[in-house]
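Enquirer: Structure below; questions to follow.
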Amino acid sequence: MSRIARQDVKTTYFHVMVQGLNKESIFGSNENKAEYIKRIEKQKIEEVKIYSYCIMSNHAHFLMHSKKITDLSLMMKRINTSYALYYNRNTKRAGYVFRNRFRLQEICDEKYLISCMVYIHCNPIKANLVKNLKDYNYSSYNEYLKNQDKIADINDFYNLSGLTAKDILELHNKDYKEQWIDEKLTKTYNEACIEFIKEHNLSEITEIIANRKLLKLFIEKISTETAMSLRMTAEILGMNRETLRKIFMSNYTSL
């Protein structure tokens with residue numbers, strides 16, 4: 001996956017991945033996995049939400065939310081720098097530990113957000129490390145199972161997705177392991193946005209926000225052709241969700 005230029009990021013939800021240099025098993029032992037988790041907990045900041053995580057032998061996955069990519073970058077830098085110092089000291093080696101700062105995959109709709117969370121938790125099963133997710137101690141699955149938000153911002157995820165604890169467990173019991181990679185939606189948010197701008201001979205998204213009639217049509221398109229929720233659409237547009245809901249429910253055909 002090509003690296004996304006930080007200034008080009010258009011969403012606040014991300015699938016974040018870190019990997020050992022040359023795919024080295026930098027988290028190979030249980031002690032190392034536990035140590036990395038300690039450093040995540042210590043360096044975590046209020047501005048960045050972690051909805052799920054999983055620490056594997058040579059890489060780690062995170063599902064994160066951050067309004068500013070600079071906050072996320074700074075937090076990941078502190079976590080990885082701290083762990084790299086520990087790892088080099090513990091293994092009596094020197095030099096880089098991680099392949100790069102981190103890899104970033106944008107998430108622009110709610111269906112992928114939920115699928116990504118489940119996909120991250122299912123990594124140990126995919127790697128044949130355990131048969132039951134509750135037996136893996138280095139992911140946020142047990143935090144959801146026990147409703148203990150040690151690192152994962154569980155309540156934030158429930159509020160965002162509208163899911164309950166029962167819903168989360170049911171999703172993990174289904175065969176969702178490959179959905180994040182293989183399943184394709186009819187359109188992504190960005191595709192629908194570009195298409196709408198072209199259809200209405202516009203130059204940028206601000207022209208849609210400034211016109212209530214266009215905005216209503218845009219919301220309808222996003223709602224029917226992508227998996228975006230109204231909450232996520234409002235956040236990307238920088239608008240209040242209730243305001244967006246009123247526009248969606250109102251009649252602006254006379255404008």
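Enquirer: Scanning the range 57-89 for residues that are among the aliphatic types (A, V, I, L, M) and closer than 21 Å to residue 114 by Cβ, which turns out surrounded by the most Cβ atoms within 10 Å (Cβ to Cβ)? Before you say what the answer is, go through the steps one by one.
Expert: Of the range 57-89, the ones among the aliphatic types (A, V, I, L, M) are 60, 63-64, 69, 72, 74-76, 79, 84-85.
With the extra rule that they be closer than 21 Å to residue 114 by Cβ, the set shrinks to 60, 63-64, 72.
On the way: 60: 29, 63: 27, 64: 23, 72: 25.
Filtering the range 57-89 for residues that are among the aliphatic types (A, V, I, L, M) and closer than 21 Å to residue 114 by Cβ, the one surrounded by the most Cβ atoms within 10 Å (Cβ to Cβ) comes out as 60.
Enquirer: Determine which member of the set 167, 175 is more than 18 Å from the chain's Cα centre (by Cα), at pLDDT 85 or above and surrounded by fewer than 17 Cβ atoms within 10 Å (Cβ to Cβ). Walk me through it before giving the result.
Expert: Working: 175 fails: at pLDDT 85 or above.
Matching residue, one of 167, 175: 167.
Enquirer: Also, quick follow-up: Run down 112, 136 and say which single residue is crowded, with 16+ Cβ neighbours inside 10 Å, assigned by TED's automatic domain parsing to the domain that holds residue 35 and touching a helix residue (DSSP H, G or I) at 6+ places or on another chain (Cβ under 6 Å).
Expert: Numbers: 112 fails: touching a helix residue (DSSP H, G or I) at 6+ places or on another chain (Cβ under 6 Å).
It is 136.
Enquirer: With 147, 100 as the choices, which residue is exposed (fewer than 13 other Cβ atoms within 10 Å of the Cβ) and in contact with a helix residue (DSSP H, G or I) (Cβ under 7 Å, 6 or more places away or on another chain)? Give the derivation first.
Expert: Details: 100 fails: in contact with a helix residue (DSSP H, G or I) (Cβ under 7 Å, 6 or more places away or on another chain).
Sole residue among the options that is exposed (fewer than 13 other Cβ atoms within 10 Å of the Cβ) and in contact with a helix residue (DSSP H, G or I) (Cβ under 7 Å, 6 or more places away or on another chain): 147.
Enquirer: Out of everything in the range 121-133 that is in a helix (DSSP H, G or I) and surrounded by 12 or more Cβ atoms within 10 Å (Cβ to Cβ), what residue ends up being nearest to the chain's Cα centre (by Cα)? Don't jump to the end; show me each part of the working.
Expert: Residues of the range 121-133 that are in a helix (DSSP H, G or I), as a first pass: 121, 123-126, 133.
In the following step, the residues that additionally are surrounded by 12 or more Cβ atoms within 10 Å (Cβ to Cβ) were identified as 121, 123-125, 133.
Numbers: 121: 13, 123: 15, 124: 18, 125: 20, 133: 20 Å.
Restricting to residues being in a helix (DSSP H, G or I) and surrounded by 12 or more Cβ atoms within 10 Å (Cβ to Cβ), the top hit is 121.
Enquirer: For the structure I just gave you, tell me whether residue 152 is touching a strand residue (DSSP E or B) at 6+ places or on another chain (Cβ under 6 Å), closer than 19 Å to residue 35 by Cα and either outside any loop (DSSP other than H, G, I, E, B) or among the small types (Gly, Ala, Ser) (or both). Walk me through how you get there before you give the answer.
Expert: Values: touching a strand residue (DSSP E or B) at 6+ places or on another chain (Cβ under 6 Å): yes; closer than 19 Å to residue 35 by Cα: yes; either outside any loop (DSSP other than H, G, I, E, B) or among the small types (Gly, Ala, Ser) (or both): yes.
Yes.
Enquirer: Something else: With respect to residue 142, determine if the residue is part of a helix (DSSP H, G or I), surrounded by 14 or more Cβ atoms within 10 Å (Cβ to Cβ) and in the same structural domain as residue 70 (by TED's automatic domain parsing). Give the steps one after another, and end with the answer.
Expert: Working: part of a helix (DSSP H, G or I): yes; surrounded by 14 or more Cβ atoms within 10 Å (Cβ to Cβ): yes; in the same structural domain as residue 70 (by TED's automatic domain parsing): yes.
Considered against the rule, which asks whether it is part of a helix (DSSP H, G or I), surrounded by 14 or more Cβ atoms within 10 Å (Cβ to Cβ) and in the same structural domain as residue 70 (by TED's automatic domain parsing), residue 142 comes out as yes.
Enquirer: Being outside any helix (DSSP H, G or I) and in contact with a strand residue (DSSP E or B) (Cβ under 8 Å, 6 or more places away or on another chain) is the filter here; which residues of the range 107-120 pass it? Break it down stepwise before answering.
Expert: Let us first name the residues in the range 107-120 that are outside any helix (DSSP H, G or I), namely 107-109.
Answer for the range 107-120, where residues must be outside any helix (DSSP H, G or I) and in contact with a strand residue (DSSP E or B) (Cβ under 8 Å, 6 or more places away or on another chain): 107, 108.
The values are calculated or read from the model by the stated rules, or taken from the named source; none is laboratory data. Computed from a predicted structure; not experimentally measured. Reconstructed Cβ throughout: ideal geometry from the backbone, glycine too, with neighbour counts over all protein chains shown.
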